[in-house]
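Chemist: The structure that follows is given in the form of structure tokens.
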Amino acid sequence: MAVLVTGGAGYIGSHTVIQLLNSNEDVIIVDDLSNSSIKVIDRIEELSGKRPKFYEINILEENKFKKIFEENEIESIIHFAGFKAVGESVNKPLAYYTNNLVSTLIILNTMKEYNVKNFVFSSSATVYGDPKSCPILEDFPLSTTNPYGTTKLMIENILRDICKTDKKLNVGILRYFNPVGAHKSGRIGEEPNGIPNNLMPYITKVAIGKLEKLSIFGDDYATHDGTGVRDYIHVEDLAAGHLKTLTKLRNNSGLVTYNLGTGKGYSVLDMVKAFSKACGKEIPYSIVGRRAGDIAMCYADSNKAKKELGWEAKYDLDRMCEDSWRWQSNNPNGYED
Ligand code: UFG
């Protein structure tokens, strides 16, 4: 009986796959490698001592995807695969709706056909829109401000609807806050295509000299230093949350929803300072105007996951920065090195 991990060669997916293999799970990866590298599979093997079965398939190729279920006995699915760039989603909404929604529907229909009952979904704190207050609880109102976020919320709604009629289905909706960090070995980490949109990969590229300086998007927010505050969480902690959720689903939980964050908010300037300490260099920056769609503050209340899953983030900001820096400095060209 295997756990099928879509997007298992990606950033969060690869860290989760290693933890699954280390827990003696039988893992199958499906990934089209559109935002990752075949080398990730080699490094997963190097780090875990096991090579997961790998299908280089785009889920939209439904027949090929279904064949995986013919060839293997799938017990659970962790669904990471999807487009994830907020800005790009505004310019290519149809591509986002097609890719993210249709692929999820194909997975859910295939699960039904092959009687697979456990499904973990990568959602995002983006489904809280501009929250009325922080920390954010799971029952806060949901809204979105861009097509990427809307795909996450639409999939959540689909999952809630199907769980109302199929009482045997177990679904874990995990709302990630801001994932950063890397495996402690420095062998796998985040490697976005092109110029990074997110803060941490941008800072690491400045630190290795590939980008000149960081632009800080606004210093006039109602936060302790005027820059945006987020809940940065180590990718290893996030990965661990998936394993705990899988255990919960296997005990017939029905549908469960959890915030995965640390509960602590750090500003952009806090991040620059912590990263400078980790890499031993100044990070040059300048303050520019606000980025459209950004909110002032976003951090989680993750007590529900603590109570119901026994999960809690372990790694602090220094460790997140050290691990991100080890990955970037050892692999200045990502998986091309
Ligand atoms: N920021 C900068 N300069 C940059 C990049 C980011 O100042 O070059 C700032 C942003 O304004 C924000 C903070 O750094 O205040 C974090 O920005 P990110 O782009 O790293 O992350 P976001 O919080 O905007 O978005 C992330 C994910 C989304 C997800 C969202 C959910 O990228 O996919 O968290 O909370 F939807």
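The values are calculated or read from the model by the stated rules, or taken from the named source; none is laboratory data. What you see is a predicted model, and the numbers here were worked out from it, not measured in a lab. Cβ atoms come from the backbone with ideal geometry, glycine included; neighbour counts cover every protein chain shown.
Chemist: Taking the options R160, R175, R187, name whichever one is more than 8 Å from the ligand (Cβ to nearest atom), at pLDDT 95 or above, assigned to a loop (DSSP other than H, G, I, E, B) and of a type in the set (K, R).
Modeler: Exactly one of R160, R175, R187 is more than 8 Å from the ligand (Cβ to nearest atom), at pLDDT 95 or above, assigned to a loop (DSSP other than H, G, I, E, B) and of a type in the set (K, R), namely R187.
Chemist: Now for a different question. Answer yes or no: is there a residue in segment 22-36 that is crowded, with 20+ Cβ neighbours inside 10 Å, in contact with a strand residue (DSSP E or B) (Cβ under 8 Å, 6 or more places away or on another chain) and among the polar types (S, T, N, Q).
Modeler: Within segment 22-36, not a single residue is crowded, with 20+ Cβ neighbours inside 10 Å, in contact with a strand residue (DSSP E or B) (Cβ under 8 Å, 6 or more places away or on another chain) and among the polar types (S, T, N, Q).
Chemist: Then there is this: Residue by residue through segment 1-52, note down the ones that are small (G, A, S), on the phi < 0 side of the Ramachandran plot and part of a loop (DSSP other than H, G, I, E, B).
Modeler: Those that are small (G, A, S), on the phi < 0 side of the Ramachandran plot and part of a loop (DSSP other than H, G, I, E, B): G8, A9, G10, S23, S34, S36, S37.
Chemist: Being small (G, A, S), surrounded by 23 or more Cβ atoms within 10 Å (Cβ to Cβ) and in contact with a strand residue (DSSP E or B) (Cβ under 8 Å, 6 or more places away or on another chain) is true for just one of G241, G289, G254, G263. Which residue is that?
Modeler: The conditions single out G241.
Chemist: Is it true that S276 is within 14 Å of the ligand (Cβ to nearest atom) and either out of contact with any Asp or Glu (no Cβ under 9 Å at 6 or more places or on another chain) or not in a loop (DSSP other than H, G, I, E, B) (or both)?
Modeler: no
Chemist: Let me ask something else. Go through (1) touching a His at 6+ places or on another chain (Cβ under 8 Å); (2) under 22 Å from I77 (Cα atoms) for S267 and report which single condition fails.
Modeler: For S267, the exception is condition (2).
Chemist: Right, here's the next one. Take segment 285-300 and flag every residue that is near the ligand (Cβ under 9 Å from one of its atoms) and among the small types (G, A, S).
Modeler: Matches in segment 285-300: G293, A296.
Chemist: Another question, if that's okay. Do you know which residues across segment 195-221 are small (G, A, S) and more than 13 Å from the ligand (Cβ to nearest atom)?
Modeler: Once the filter is applied, which keeps residues that are small (G, A, S) and more than 13 Å from the ligand (Cβ to nearest atom), segment 195-221 yields A207, G209.
Chemist: With the checklist (1) within 16 Å of the ligand (Cβ to nearest atom); (2) surrounded by fewer than 14 Cβ atoms within 10 Å (Cβ to Cβ); (3) in a helix (DSSP H, G or I) in hand, flag the one item D318 doesn't pass.
Modeler: Exception for D318: condition (1).
Chemist: Enumerate the pairs (first residue in segment 99-114 and crowded, with 19+ Cβ neighbours inside 10 Å; second residue anywhere and among the hydroxyl-bearing types (S, T, Y) and part of a helix (DSSP H, G or I)) with beta-carbon separation below 6 Å, excluding pairs fewer than 6 apart on the same chain, so at least 6 apart or on different chains.
Modeler: Between residues of segment 99-114 that are crowded, with 19+ Cβ neighbours inside 10 Å and residues that are among the hydroxyl-bearing types (S, T, Y) and part of a helix (DSSP H, G or I), the close pairs are N100/T151.
Chemist: Might you check whether a residue that is within 17 Å of the chain's Cα centre (by Cα), of a type in the set (D, E, K, R) and part of a loop (DSSP other than H, G, I, E, B) occurs anywhere in segment 219-242?
Modeler: Scanning segment 219-242 turns up at least one residue that is within 17 Å of the chain's Cα centre (by Cα), of a type in the set (D, E, K, R) and part of a loop (DSSP other than H, G, I, E, B).
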